[in-house]
Amino acid sequence: MKLSLCALQLDAAASRGRRYPELPHPYRDEFQRDRDRIVHARAFRRLEDKTQVFPPALSDHFRNRLTHTIEVAQIARTAAAALDLNQELTEALALAHDIGHPPFAHAGEEELNRQMQRYGGRFDHNLHALRIVEHFEQRYARFPGLNLTFEVREGIVKHSRDLAPGEFPELDEYLPGLRPPLEAQLIDLADEIAYNTADLDDAFSAGLFTAAEAAAAVPYFGRILEEVDTQFPGAAERIRFLEALRLLIDLLVGGLIEGTYAAATGAGVSSVDQVRAYPRRLAVFTPDAAATASALKGFLHRRVYCSEPLQQERSRVTAQLAELFEFFIRDPGQLPEPYRQQAAAEEPPRVVCDYIAGMTDGFFRRTYERIFGHGR
Ligand code: MG
């Protein structure tokens, strides 16, 4: 299948460049360099010990945020290649898309946001990712952060939502009111495909539902599971489930490629600037794939995210995160350097939030136990 949108590809040579100008590299273009900088960042390596959905204590085989990121990158890159978009930019954005995630998945993000709201602030993992690549990563003698290209920073800011003019004055340079290029638009749906199908897989392994229950809730999955059962009647239930899951990923990725091609050609856009100025995002699913994605999401909400084991884990980590946050607010002198100095100069809630957001699950647990002792 070749559905070329090559006129809408963001070419590295057309990049708006870096905050601090650098000489070109002899054999890597600017987006390849950005991808490599992200892979070498400490925040990227920390993704290994951050929960995706399932706490690792239950099994060695669940996704963590690093393996999830790799799955998003391969899906996004496949879609970009099929559409003749810029694969290097897409890959860099996919690898960076969760770099600002705090420990303990969405429970961690929600609790940090709740804590910050008490002080009139907020926590948003996309904005935190921008602070990481702009300030917290310190690897270069000539500039702070990773000095990424404008397009990669813009994609980090806008990966899951557009930016309205005036919404965040500190982000005014990232073209509020305009859509990001198609490469960045692909990430949100590639992320959705990756986590919906992976969560279905991990939750099935964890025994949260049967294949028949998933089939009843997601009609397309039911049909392919029936076909797989007819084709491989002797195969084990788990193998048949995985065969059907592969076809489900194919439907969703194919639906993203075809839906995006149809939307972009239907909109009559013929340049990156026209993609930016178009009133809606053009990376979309076909109606069939959208219906399946939404049925799948509903099923996962009911049977997985709201399930007893995950709810229990969520309340436990939420309470611990609130305790640790309050502890450092009461006594910022307990923060390690350079956060302690920073807390003296800046607002302590923001500094405490940055410190906790950067923690892995393991580092959070060790810090919590050191301060409050075991057995809480
Ligand atoms: Mg993600």
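The values are calculated or read from the model by the stated rules, or taken from the named source; none is laboratory data. Treat the numbers as computed from the prediction; the structure is a model and nothing was measured. Every residue, glycine as well, gets a Cβ built from its backbone with ideal geometry; the counts of neighbours run over all protein chains shown. Ligands, DNA and RNA are stripped out before the accessible areas are found, and what is left, the full protein with its side chains, is counted by its heavy atoms. Shrake-Rupley method; radii C 1.70, N 1.55, O 1.52, S 1.80 Å.
Some points to look at:
- Criterion violated by PHE62 - all others in (1) farther than 27 Å from ARG122 by Cβ; (2) assigned to a helix (DSSP H, G or I); (3) within 16 Å of the ligand (Cβ to nearest atom) satisfied: (2)
- Failed item in (1) more than 16 Å from the ligand (Cβ to nearest atom); (2) under 21 Å from the mean Cα position of the chain (by Cα); (3) assigned to a helix (DSSP H, G or I), with ALA13 passing the rest: (2)
- Among residues of the stretch 104-126, those that are touching a helix residue (DSSP H, G or I) at 6+ places or on another chain (Cβ under 7 Å) and assigned to a helix (DSSP H, G or I), counted: 9
- Residues of the stretch 142-171 classified as in a loop (DSSP other than H, G, I, E, B) and at negative phi, total: 14
- Taking every residue in the stretch 62-80 that is assigned by TED's automatic domain parsing to the domain that holds ILE187 and pairing it with any residue that is surrounded by 24 or more Cβ atoms within 10 Å (Cβ to Cβ) and of a type in the set (S, T, N, Q), at least 6 positions away or on another chain, the pairs with Cβ-Cβ distances below 6 Å are ARG63/GLN52; ASN64/GLN52; ARG65/GLN52; HIS68/GLN52; ALA76/THR90; ARG77/THR90; ALA80/THR90.
- Enumeration of residues in the stretch 333-373 that are open to solvent by less than 20 Å² (accessible area, probe 1.4 Å), assigned to a helix (DSSP H, G or I) and closer than 21 Å to ALA57 by Cβ: ILE356, ASP361, GLY362, PHE364, THR367, TYR368
- Residue within the stretch 221-243 that is farther than 25 Å from PHE54 by Cα, touching a Ser or Thr at 6+ places or on another chain (Cβ under 7 Å) and modelled with pLDDT of 95 or more present: no
- Residues in the stretch 16-50 that are in a helix (DSSP H, G or I) and out of contact with any Ser or Thr (no Cβ under 9 Å at 6 or more places or on another chain): GLN32, ARG35, ASP36, ARG37, ILE38, VAL39, ARG42, ALA43, ARG45.
- Selection count, the stretch 196-219, where residues are farther than 21 Å from ASP288 by Cβ and part of a loop (DSSP other than H, G, I, E, B): 5
- Positions within the stretch 127-141 being buried (at least 16 other Cβ atoms within 10 Å of the Cβ) and part of a loop (DSSP other than H, G, I, E, B), in sequence order: GLU137
- In this structure, THR78 does not qualify as polar (S, T, N, Q), closer than 15 Å to ILE187 by Cα, at pLDDT 95 or above and within 11 Å of the ligand (Cβ to nearest atom).
- Summed over the stretch 33-50, the residues that are open to solvent by 40 Å² or more (accessible area, probe 1.4 Å) and either farther than 25 Å from THR318 by Cβ or of a type outside the set (Asp, Glu) (or both) give a count of 6.
- Some residue of the stretch 86-100 being open to solvent by 30 Å² or more (accessible area, probe 1.4 Å) and within 16 Å of the ligand (Cβ to nearest atom): yes
- Residues in the stretch 186-225 that are surrounded by fewer than 22 Cβ atoms within 10 Å (Cβ to Cβ) and either of a type in the set (Asp, Glu) or under 17 Å from ARG276 (Cα atoms) (or both): ASP188, ASP191, GLU192, ASP201, ASP202, GLU213.
- Lone qualifier among VAL53, VAL72 - being surrounded by 14 or more Cβ atoms within 10 Å (Cβ to Cβ) and in a helix (DSSP H, G or I): VAL72
- Unmet criterion (only one of (1) without any contact (Cβ under 8 Å) to a residue 40 or more places away in the chain; (2) more than 19 Å from THR51 (Cβ to Cβ)) for GLU369: (2)
- Filtered residue count, the stretch 220-233, keeping only those that are among the aromatic types (Phe, Trp, Tyr) and part of a helix (DSSP H, G or I): 2
- The number of residues in the stretch 153-182 that are within 16 Å of the ligand (Cβ to nearest atom) and either closer than 16 Å to ARG280 by Cβ or touching a residue at least 40 places away in the same chain (Cβ under 8 Å) (or both) comes to 6.
- Note on the stretch 184-216: residues that are away from the ligand (no atom under 16 Å from the Cβ) and either among the acidic types (Asp, Glu) or within 24 Å of ALA76 (Cα to Cα) (or both) total 2.
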